[in-house]
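Q: Handing you this structure, nothing more for now.
No value in this document is a laboratory result; all are computed from the given coordinates. Fair warning: this is a prediction, and the values are worked out from it, not measured in the lab. Here Cβ is always computed from backbone atoms with ideal geometry, including for glycine, and neighbour counts include all displayed protein chains.
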Amino acid sequence: MKLSPLPTATTVSSPLNLHLISLQAFVFRCPSPVPVRTSFGIMRDRPAVFVRAESAEGHVGWGEIWCNFPACGAEHRVRLLETVIAPLLLHKDFEDPAQAYLLATQKTEILALQTGEPGPLAQVISGVDLALWDLCARRANLPLFRLLGGTQTSVPVYASGINPDGPLDMVKRKHAEGYRAFKLKIGFDDKQDIENINSLRNWLGDQASVMADVNQAWRVDHALNMLPQLESFNLAWLEEPLRTDSIASQWLQLHKATNTPLAAGENLMGQASFEKAIDMKTFGVLQPDFAKWGGISGCWPVIQKIRESGTRFCPHYLGAGIGLMASAHVLAAAGGDGMLEVDANDNALRSLLAPPFANVANGSIELDETPGIGVTPDLVALEKLI
Ligand SMILES: [Mg+2]
């Protein structure tokens, strides 16, 4: 399946040119009554960094910068935007968002090496890129998925971030809300992990999709021991059983030992890393996160390659509503048989800013024709709520 190239100034009739006069970022924190547990750390509150971009003609777009870990890093990303990225992009003429993305990336390559901070810089550039595409879509009076060439309004979703403590209660709640696919956090205690997956599969039956996320917790021997025990649960995928940077031969060892598709991508950075992962042919599912690396401009060529390779494209996402809406639009535009990750845990910064996700029906949401990503944050109202 071939995906159309990313729209450029020469391929779409809508204007994509940009002359930015303002780039701002705002931090919010939502208390988390039930901490979100992963095998490598606990999230006790939910930070979010929103980007606001404004053009000389007064058009505005919104993006979101990944900032989950460590939680104290959210403010750092705001400062990176204000002091490093904004000065590179303001008061210049760009043909389209991809040109701004390229300039910001190229001009910070040495800084990324020098500071040892390629991640935070890439995350900031990603959030800015999302805001610029939203701005262009709003200006064109088109929903983002249509600006990107999409026609489908339905977006399959799955419930994610399901804690190992009492996961069935959460799954029952999410099933009642309309979800039909569920991803459990594992990588804590083997016996408990297996019991949890078993309880989900027993209650859900054979039809629902069940996935498990190890969050890079196992070494090869441990994974090889677990894989046969997981086989009978017919998982839709097993996510990050190893460190993402494990060598190809280790991923191949796992791939050969199981019929369960392996998944990764949220911790890959750069087109070359994704191309390597595709070429390894060991992953059944690849999961770029548009708020963490690449935005839309960097990820679109990667998504093209994922789709062409026949690998399942399932965007990773675990943040607030702005990035979630952007991710839904990108998946709608990209098509395929993928599902979008949706955090199952309560977070007002997500639910207030992603209205379509209040209406999951038979495992999917519907995007409407509201321009851009379809939501505009009211910062004053958010400040009062959080
Ligand atoms: Mg994951």
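Q: Go through 83-92, 214-223 and give me the packing order, highest mean Cβ count within 10 Å leading.
A: The most tightly packed comes first, giving 214-223, 83-92.
Q: Sort 252-258, 135-141 by the packing proxy (mean of other Cβ within 10 Å over each peptide's residues), most packed first.
A: 135-141, 252-258
Q: If you look for lysine pairs in the range 146-385 that are eight or more places apart or on different chains, how many of them have Cα atoms under 21 Å apart?
A: 13
Q: With r defined as the distance between the Cβ atoms of S13 and R79 and R0 fixed at 41 Å, what FRET efficiency is calculated, to the nearest 0.05?
A: Rounded to the nearest 0.05, the efficiency is 0.60.
Q: Using 0.36 nm per residue of separation minus the Cα-Cα distance, give me the extension gain between L103 and N202 in nm, one decimal.
A: Numbers: separation 99, 0.36 × 99 = 35.64 nm, distance 5.15 nm.
Length gained, L103 through N202: 30.5 nm.
Q: Starting from the Cα gyration tensor of the range 206-269, take the square roots of the eigenvalues, sort them a ≥ b ≥ c, and report rounded, prolate or oblate (rounded when a/c is under 1.5, otherwise prolate if a/b is larger than b/c, else oblate).
A: Oblate, because a/c is 1.5 or more while a/b does not exceed b/c.
Q: If you don't mind, another one. What's the ranking of 121-127, 365-371, 108-114 by average number of surrounding C-beta atoms within 10 Å, highest first?
A: Highest mean packing first, the order is 121-127, 365-371, 108-114.
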